[in-house]
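What follows is a set of notes on a single structure, which appears directly below.
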């Protein structure tokens, strides 16, 4: 089995950070996301584009100068699974360090 989507999504720190600040209930403007994600503007823009391509977020263009983003149900599922994987990885790391 070849992994293609997994490394593209889970292998990018800015992408996971952006997914984590978004939620399904309330959309956020780009500037708010930018304030909360520690990344360059270009990296964040690419991360949001990739998340949108995988239908993990939706891009809501209110008008050309006002764009909001919101995590989809699918994005919620991926985020929850990513958190589980992170917990498993950290658990194993702690066991090795003892």
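Quick note: the coordinates plus some simple rules give every number you see, no bench work behind them. Quick caveat: nothing in here was measured; it's all calculated off a predicted structure. Every residue, glycine as well, gets a Cβ built from its backbone with ideal geometry; the counts of neighbours run over all protein chains shown.
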Quiz item: From the residues in segment 36-72 that are in contact with a strand residue (DSSP E or B) (Cβ under 9 Å, 6 or more places away or on another chain) and outside any strand (DSSP E or B), which one is surrounded by the fewest Cβ atoms within 10 Å (Cβ to Cβ)?
Solution: 49
Quiz item: Can you name every residue in segment 8-35 that is touching a helix residue (DSSP H, G or I) at 6+ places or on another chain (Cβ under 8 Å) and surrounded by fewer than 14 Cβ atoms within 10 Å (Cβ to Cβ)?
Solution: 8
Quiz prompt | Residue list for segment 6-35, filter: assigned to a helix (DSSP H, G or I) and farther than 15 Å from residue 48 by Cα | solution = 6, 7
Exercise. Starting from segment 57-86, keep only residues that are free of Cβ contacts under 8 Å to residues at least 12 places away in the same chain, then list their pairs with residues that are surrounded by 15 or more Cβ atoms within 10 Å (Cβ to Cβ) and assigned to a helix (DSSP H, G or I) whose Cβ atoms are within a distance under 7 Å, requiring at least 6 positions of separation or different chains.
Key: 59/52
